[in-house]
Each structure stands twice: as C-alpha cells, then as structure tokens.
Amino acid sequence: FKEVVELHKNQFFEILPDFKVMCEHFEEGDSWICFKTPEQTILNVNDCGIANKSDLDAILAKTGPIDVLMTQFSYAFWAGNPDEVELRQQMADDKLKLVKSQIDALHPKVTIPMASFVYFCHKDNRYLNDRINTAEKTYNFIKENTTSEPVVLYNNEEYEFPEKHDSNASINKYKADLQKILADDTAFITKYETVDKPVLNSEASRFIDDLNKTNSLPLKSALKPTYIYIPDYDETYVLSLKGFKPVTEPHPVPDVELSSELLFWCFKYPFGLDTVQIGGRFRKPRKGNYTAFYNFFRINHLKMRGIDPNAPGTIAGVLVRKITTKIGLNKNR
C-alpha cells in the first residue's frame, strides 16, 4: 500500500472529493463502517451485535440518514450442543429480531443481509446448519416486519441504489446450493487431525509458563483448574497454572470437550479460542463450567487487542458488564 491511514472516532475521512468514510470500534473487537457521498449513505455493521437503541441512535447522529444498511442475519458461531435444537432456534430468531431493531432505529431505505452466508462443513459442527436463517427466510422477515426494502445478493452480484433488484432469483440460487450440499452426507465434510501428545504438551507448557510470567497475582488467582475432555485421546486433562496433565482418578464433569487440534490452537494462538468458538467444533457439558476453561484463554485474547487484562479498570469493566447483562440492562449481542 502507498499509505496506511488510521481512522479516528467521530471523524469522516475524505478518500476522494464527495466520497468519505467513517469507521468506529464496537464491542469485542468489532467495528462498523459508513460510506458517504452527496447522493447516498451506506452503513455496514457486519456482525456487530448492536441492539440497544441508544447505541443505534448515537450511530445515526454521526452518519445522518441511511439509505442502505448491511448487516448480519444468522448465527455464525457455536449455537448449542447437537441436542439443543431449541437453543439454536432461539439464537436464529434473536438474530432476526436484531435486524428489525436496527432497521427500526436507523430507518434504512434498503437492507442487505450480508454477514452469515456460512455453512458448517466439519463433522463436529455440521449439525449447526439445522436452524440457520436462510436468505429466503430473512428476506421474507424483513419484508413482512419492517419498512425497509430487503435486497439479497448472490455471489459476485452487484447492486446500485436505488435500482430494483430481483432478490428472488438470488434466493433461488442459494436454495439450490444448500439443497445440493445437504443431499450428500459424505461430501463437503472435513475431519480433524490428531496432534501428537508430546507436541500438545510442549505447547501447553509454553502457554502456562507465559501466563505465570506475564500476569499479576490477582488475575492469576481467578484462574481455577479446568477439566478438558479430548475425544481423539479419549482422555480428560486438567489445566491449571501448575501444569497440564491427564486425569486418572475420579474427576468432575469436564468443562469442555474438544479435539487435540483445537486445544493446540488455543494454546498456540492468542486468537485461538475465538476461532474455536466461531467454528463451533466443541461441546459444553451441561454440568461443566465452561467459564473456567474460557478464562485461561481470554487473557491473551485481550492483550492481542491492546487491552491490559491486569489493569483495575479492565477488571472493573468486565464485572460491570457481567452484572448489567445478567439483569438485562446490556442487550447488545
């Protein structure tokens, strides 16, 4: 690139005469972006889980009237264990409610559902496809429940506002693609590869050593031992600041079940757990404590984003968010 320009909060950046852009951070590393010309304004919130009207009103105050909204329309991450069909249905319904709340607050003339055209293709996550919101369902929902005109685009299609677009033709192409995939139980499916135990143990030791050396005592005291069932080993391991080792004696219900390949990613990369959660290739045993597992990898994830998890302000912010979410005040995501 000739030049890299950092975009700042509350400021439009002029790319060309009569063409400017504003991009701002939203919770958990996401961001929204607004493109503006004298003729039209396009807002792309992608998968930002913006649900609170106050947050949406604040965005609208910065962007001005919106012509085209681009947004997420289905879940694209872990959505329950295989038998938790009702949970997935609820999560799918909530995504459509999110779209409606965004449209109701932002009043876009056109809405393009564009984030969630995904298909879970691994043997460990293929079940997640059973309740995804399809292009057709989303189109009909927006048409029937909002004042915005839905526009569905197939791969490589172009749309010029405010022209008419044949969304039904695009929807039919997606339907044909999905039917082709679902008709074959063997194609379009990938499988994990087992990581050798010495390799996994080595990466675990490096990870634990780093946690112990680079974090404060108060933060480390919050990390309780977590039990991990590794199906390709058919063994349960305990992870703590003292080490990573298999458990032979009776132990609590595991906090998580995931393959050695996924656990290796969690140990090796600061974004590993986030990737695993989006991929949905794991299980949360009902009587386990997934939070205990999650907390071990959350620390480096925050550091990767430039946030000091050891800072008192960060710890206080996490506690406040948990409390407001629990009592229903924080509805984002």
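Some notes on this structure:
- The single residue among Glu160, Glu136, Glu144 that is assigned to a loop (DSSP other than H, G, I, E, B) and either in contact with a Lys or Arg (Cβ under 6 Å, 6 or more places away or on another chain) or not hydroxyl-bearing (Ser, Thr, Tyr) (or both) turns out to be Glu160.
- Region 253-272: number of residues that are part of a helix (DSSP H, G or I), closer than 15 Å to Ile208 by Cβ and free of Cβ contacts under 8 Å to residues at least 60 places away in the same chain: 2
- Selection from region 102-124 of residues that are open to solvent by 10 Å² or more (accessible area, probe 1.4 Å), touching a residue at least 60 places away in the same chain (Cβ under 8 Å) and in a loop (DSSP other than H, G, I, E, B): Ser116, Tyr119, Phe120, Cys121, Lys123, Asp124
Per-residue answers, yes or no, for (1) buried (at least 19 other Cβ atoms within 10 Å of the Cβ); (2) in contact (Cβ under 8 Å) with a residue 24 or more places away in the chain; (3) not charged (D, E, K, R):
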site: Gln40; (1), (2), (3): no, yes, yes
site: Ser54; (1), (2), (3): no, no, yes
site: Lys62; (1), (2), (3): no, yes, no
site: Trp78; (1), (2), (3): yes, yes, yes
site: Glu84; (1), (2), (3): no, no, no
site: Ala92; (1), (2), (3): yes, yes, yes
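- Within the option set Leu182, Leu178, being free of Cβ contacts under 8 Å to residues at least 60 places away in the same chain and open to solvent by 60 Å² or more (accessible area, probe 1.4 Å) holds for one residue only, Leu182.
- Residue count for region 73-113, restricted to those that are polar (S, T, N, Q) and either within 16 Å of Asn129 (Cα to Cα) or at pLDDT below 95 (or both): 4.
- Filter result for Leu96 (assigned to a helix (DSSP H, G or I) and surrounded by fewer than 16 Cβ atoms within 10 Å (Cβ to Cβ)): no
- Scope region 190-201; condition exposed (fewer than 13 other Cβ atoms within 10 Å of the Cβ) and either among the polar types (S, T, N, Q) or part of a loop (DSSP other than H, G, I, E, B) (or both); matching residues: Thr190, Lys191, Glu193, Asp196
The values are calculated or read from the model by the stated rules, or taken from the named source; none is laboratory data. Here the structure is a predicted model, which is why all the values come from computation and not from measurement. Positions of Cβ are backbone-derived with ideal geometry, glycine not excepted, and every protein chain shown enters the neighbour counts. To get the accessible areas, we keep the full protein, side chains included, count just its heavy atoms, and leave off ligands, DNA and RNA. Shrake-Rupley method; radii C 1.70, N 1.55, O 1.52, S 1.80 Å.
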